[in-house]
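Single-structure report; data block below.
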Amino acid sequence: WVHSSDNHALMVRRDRFDVDETGESRLNSVGEEGSYLDRYVNWARLRDRSSGRTVLVLNVHAHPVQTVQMARVRALGITRLVAVVRELDPKLAEPLVLMGDFNAGDKESRPVFRDHLTALSELGLADTAALAARDASDVPNANSLNKLTAQVAGVEVAKVVRRTARHVDYVWVPSRTEVSTWQVLSGPGVRWQRVRGERVPTWPGIIASDHSPVIAEFTFG
């Protein structure tokens, strides 16, 4: 585990990679622009034991809450994130993966709220969901922010999978990367059943989080 001050981490397969270098940078500070938490990007430069190639992996957890003030906090963090990436890998010369909970939508169109989409695209990165040849989600159109509930016949029902094809959790890679699959993993163990007269996917057991994992399979050039 590669930990950071923000209590989130990168998990590395040590049988495959050596950890050459690690670090973190603060993206937001308490009280700045209304931020109520310090936020960081933590990163690791990994070396493939068989090929000797390196890959730069970064992890972000941005502020939640969909208000203009919090959107400005996230936008400030994105500006600093771009600066960190440019310092670590100025021309995206090595394989790079940027992932995490950005708490900002993939289809966001409002100014400031969509700054992550604009800034990371201009940096030369792309959302793997947009590049993927196939969506392999176990529940079609499942949201990554599941909120532990979904509407069924106009009523919020616990443990029903949300399906409005939105995600706020990302795996970003250089835009030239070949992405074979992308998915939201709502399970394992999702069960389809009738609720309020509709057939819907549900979690039969404990839900681990109000976010579901996003997984991408890709090949670097």
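The values are calculated or read from the model by the stated rules, or taken from the named source; none is laboratory data. All figures in this text were calculated on a predicted structure; none of them were measured in a lab. Backbone-built Cβ (ideal geometry, glycine too); neighbour counts: all protein chains shown. Surface accessibility is based on the protein's heavy atoms, side chains included, excluding ligands, DNA and RNA. Shrake-Rupley method; radii C 1.70, N 1.55, O 1.52, S 1.80 Å.
Work out how much length Arg86 to Val12 would gain on full extension: take 0.36 nm times their residue separation and subtract the Cα-Cα distance, in nm to one decimal.
Separation in residues times 0.36 nm, less the Cα-Cα distance, equals 24.3 nm.
Taking the highest mean first, how do the peptides 200-209, 112-121, 132-141 order by number of other beta carbon atoms within 10 angstrom per residue?
112-121, 132-141, 200-209
Please report the carbon-and-sulfur percent of the accessible area for the chain; probe 1.4 Å, protein heavy atoms only, DNA, RNA and ligands left out.
Carbon and sulfur: 50 percent of the exposed surface of the chain.
Quick check for me: using +1 on Lys/Arg Cβ and -1 on Asp/Glu Cβ, what's the dipole size of segment 81-198 about its Cα centre, in debye to the nearest 20?
600
Nearest 500 deg cm²/dmol is fine: what mean residue ellipticity at 222 nm does the chain get from its DSSP H runs of n ≥ 4 alone, each adding -39,500 (n - 2.57), divided by its residue count?
Estimated from H runs of four or more residues: -4500 deg cm²/dmol.
Compute the whole-percent fraction of alpha carbon pairs in segment 106-221 spaced more than 25 Å apart.
Within segment 106-221, distances greater than 25 Å cover 30 percent of Cα pairs.
Using only the Cα atoms of segment 9-133, construct the convex hull and provide its projected area averaged over every direction, in square nanometres to one decimal.
Values: hull surface 33.4 nm².
Result: a mean projected hull area of 8.4 nm².
Give the shape of segment 86-170 as rounded, prolate or oblate, defined through the alpha-carbon gyration tensor: a ≥ b ≥ c are the square roots of its eigenvalues, a/c under 1.5 means rounded, and otherwise the shape is prolate if a/b is larger than b/c and oblate if not.
Numbers: a/c = 2.83, a/b = 2.02, b/c = 1.40.
It is prolate, given that a/c is not under 1.5 and a/b is the larger ratio.
Before I look further, what does the chain give for accessible area per residue, probe 1.4 Å, in whole square angstrom?
52
Between Asp106 and residues 5 or more places away or on another chain, which pairs have amide H atoms under 5 Å apart, with H built 1.01 Å from N, and which residues are they?
His167
Just to confirm the number: angle between the C-alpha axis of helix 68-88 and the first principal axis of the chain, 0 to 90 degrees, nearest 10?
40
Please work out how much length the chain gains when fully extended from Lys147 to Leu185, using 0.36 nm per residue of separation minus the C-alpha to C-alpha distance, in nm with one decimal.
Stretched out fully, the Lys147 to Leu185 stretch lengthens by 12.2 nm.
So, in nm, how far is label Ile215 from label Glu178 when the simple model puts each one 7 Å beyond its Cα toward the Cβ?
With each label placed 7 Å out from Cα toward Cβ, I get 2.1 nm.
Count charges around Lys107 for me, please; just the other residues with Cβ under 15 Å from its Cβ, Lys/Arg as +1, Asp/Glu as -1.
Counting the neighbours of Lys107, the net charge comes to -1.
What is the spin-label model distance, in nm, from Leu37 to Asp20 if the labels are put 7 Å beyond Cα along the C-beta direction?
Placing both labels 7 Å beyond Cα along the Cβ direction yields 3.2 nm.
Can you compute the FRET efficiency between His3 and Arg53 using 1/(1 + (r/R0)^6), with r the Cβ-Cβ distance and R0 = 22 Å? Round to the nearest 0.05.
Efficiency, rounded to the nearest 0.05: 0.35.
Describe numerically, in nm with one decimal, the distance between label points set 7 Å from Cα along Cα→Cβ at Arg110 and at Thr164.
1.3
Given the options Lys147, Lys91, Lys159, which has the most mean-square fluctuation in a GNM of the chain, springs set between C-alpha atoms less than 10 angstrom apart?
Lys91
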